[in-house]
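Read the structure below first, then the notes.
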Amino acid sequence: MQNSGIDVILQGKNIQRLLFEGLFVTIEIAFISIIIGSILGILIGLSRTTKSKVILFINRVYLEAFRIIPTLVWLFIFYFGVTTALNIDLSGEVVSIIVFSLWGAAEMGDIVRGALQSLPQHQIEAGKALGLNYFQLYRYVLIPQAIRRMIPGTINLATRMIKTTSLVVLIGVIDVVKIGQQIIETSRFEFPTASFWIYGCIFFLYFIICYPLSKISKNLEAKWTN
Amino acid sequence: MSFDWNFVVTSLPLYEKAAWLTLKLALAGIALSLVIGLLCSIILYFKIKVIDIIVQAYIELSRNTPLLVQIFFLYFGLPKLGLKMSASACAVIGLAFLGGSYMAEAFRSGIEAVSKTQIESGVSIGLSKIQVVRFVIIPQAFSISMPSLSANCIFLLKETSILGAISIMDLTNLTKDLIGMYYTTFEALTMLVVIYLIMILPLSFVLSLIERKVRYAEFGN
């Protein structure tokens, strides 16, 4: 018997599987990568305020490499290339966390650098004139001001990373898209229109996660630039 | 393990074919998304009733969902409702759907940056609404939004790398196939990266030239 299509979402354990097996993995990868990426990114951003040409050059190459080469290609490089070169076995999830962390660190580094460099020069000079040392200068003057300018960009980066985690299905991670495909396969005869409803459902799941984040970032940006 | 140059030579024609396909799809997607973006931003600027709510909803939907899911929906979902399209049509429509909203945002911020005095002077010398848009707003908005437009072009070209998911033989999909068939992991990946560099570096160079070209008459700053 053929059922009306939308029931496929609520049939059996389908919705639980989509949310708790699939979406959970997606969010887990995104969350871990955002954390690692932010920490590395802050260090990279701080290192980009030096005057050493070598460090600046290395940072530049690192950032441009992640900007020019598509993320999926990076996933392939680590999943096929690095594992073969080092003769190690990495699961798709580990590879995705590594790649997304490195990518996040590169972009985060640029956000931090932009925020630090956008601070007016007189803030640094005033801090020095007060006799603050470098640590105090960063701790009490620069970082509190820079964080405000960083947050909208960081939230934006987080939404981009969450969206890009959809690619992990292409290196064999069982994420929300893969679970969706499995449900479509198993309900092929019962629900011929399953792929329409399941992909539609995944589409909205991503939207529900990313929309509030991008709204918050937009509002903060509007509030803090004035 | 030594680098297999023989593989590079024999697989070069395949890569060339895939590169042209990638470029063709990306160009079609970029052209369409520029049109969609311009239309959407003008609709938002004039606040045309009802349509502007639809446009706003479209922009939010497209910006907050991944291209992969959009394309799966187009390619696997829509045929169930009787709307069948070829893989390349889905790819171009998907790219345009995603890119349209990014372009719209870029144009919109450009339009907003055109100073009010420009528009008022346009009106005061007797230009109609459409003439103000055509001769005053669009040329200036275009030059202001050029940096983000070119960033979006490169973004869309990079996004084509996922089209392999709907069995389009683009560069990334070809590489995956070659690795699977011949185990030439390093060679295939190196070719892939080099070809992306060959495509994207000149594109970004040309775009930055255009940027400089259109900003020459910038007013004020």
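The values are calculated or read from the model by the stated rules, or taken from the named source; none is laboratory data. Keep in mind the model is a prediction, meaning the values are calculated, not measured. Every residue, glycine as well, gets a Cβ built from its backbone with ideal geometry; the counts of neighbours run over all protein chains shown.
Here are the numbers for the structure shown:
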| quantity | calculated |
| --- | --- |
| Checklist (1) at the interface with another protein chain (Cβ under 10 Å from one of its Cβ atoms); (2) closer than 27 Å to A:Pro70 by Cβ; (3) in contact (Cβ under 8 Å) with a residue 24 or more places away in the chain; (4) out of contact with any Ser or Thr (no Cβ under 8 Å at 6 or more places or on another chain) applied to A:Leu157, failing item | (1) |
| For B:Thr65: the one exception among (1) surrounded by 17 or more Cβ atoms within 10 Å (Cβ to Cβ); (2) within 10 Å of another protein chain (Cβ to nearest Cβ); (3) assigned to a helix (DSSP H, G or I) | (3) |
| Of residues in segment A:190-209 being more than 19 Å from the chain's Cα centre (by Cα) and part of a helix (DSSP H, G or I), the one farthest from the other protein chains (Cβ to nearest Cβ) | A:Cys201 |
| Any helices (runs of 4 or more DSSP H) falling wholly within segment A:1-98 and containing at least 1 residues that are surrounded by fewer than 16 Cβ atoms within 10 Å (Cβ to Cβ) and under 19 Å from the mean Cα position of the chain (by Cα) | A:24-47, A:53-68 |
| Residue in segment B:177-197 that is outside any helix (DSSP H, G or I), over 18 Å from B:Gln70 (Cα atoms) and within 11 Å of chain A (Cβ to nearest Cβ) present | yes |
| Pairs, first in contact (Cβ under 8 Å) with a residue 12 or more places away in the chain in segment B:34-48, second surrounded by fewer than 16 Cβ atoms within 10 Å (Cβ to Cβ), C-beta under 6 Å, six or more apart | B:Ile43/B:Ile51; B:Ile43/B:Asp52; B:Leu44/B:Asp52 |
| Flag if B:Glu120 is away from chain A (no Cβ under 14 Å) and either crowded, with 16+ Cβ neighbours inside 10 Å or without any contact (Cβ under 8 Å) to a residue 40 or more places away in the chain (or both) | yes |
| Test: residue in segment A:61-68 that is within 23 Å of A:Lys163 (Cβ to Cβ), facing another protein chain (nearest Cβ under 10 Å) and charged (D, E, K, R) | yes |
| Boolean, B:Ser41 is over 13 Å from the mean Cα position of the chain (by Cα), in a helix (DSSP H, G or I), more than 11 Å from every other protein chain (Cβ to nearest Cβ) and modelled with pLDDT of 90 or more | yes |
| Which numbered condition A:Ala158 fails, given (1) of a type in the set (Gly, Ala, Ser); (2) modelled with pLDDT of 90 or more; (3) surrounded by fewer than 19 Cβ atoms within 10 Å (Cβ to Cβ) | (3) |
| Filter result (surrounded by 13 or more Cβ atoms within 10 Å (Cβ to Cβ) and assigned to a helix (DSSP H, G or I)) within segment A:118-135 | A:Gln123, A:Ile124, A:Ala126, A:Gly127, A:Lys128 |
| Segment A:171-189, residues that are within 11 Å of chain B (Cβ to nearest Cβ), assigned to a helix (DSSP H, G or I) and buried (at least 24 other Cβ atoms within 10 Å of the Cβ) | A:Val176, A:Val177, A:Gly180 |
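For every residue, the table says whether it meets (1) of a type in the set (A, V, I, L, M, F, W, C); (2) within 10 Å of another protein chain (Cβ to nearest Cβ); (3) on the phi < 0 side of the Ramachandran plot.
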residue: B:Leu81; (1), (2), (3): yes, yes, yes
residue: B:Met85; (1), (2), (3): yes, no, yes
residue: B:Val92; (1), (2), (3): yes, no, yes
residue: B:Gly99; (1), (2), (3): no, no, yes
residue: B:Ser109; (1), (2), (3): no, no, yes
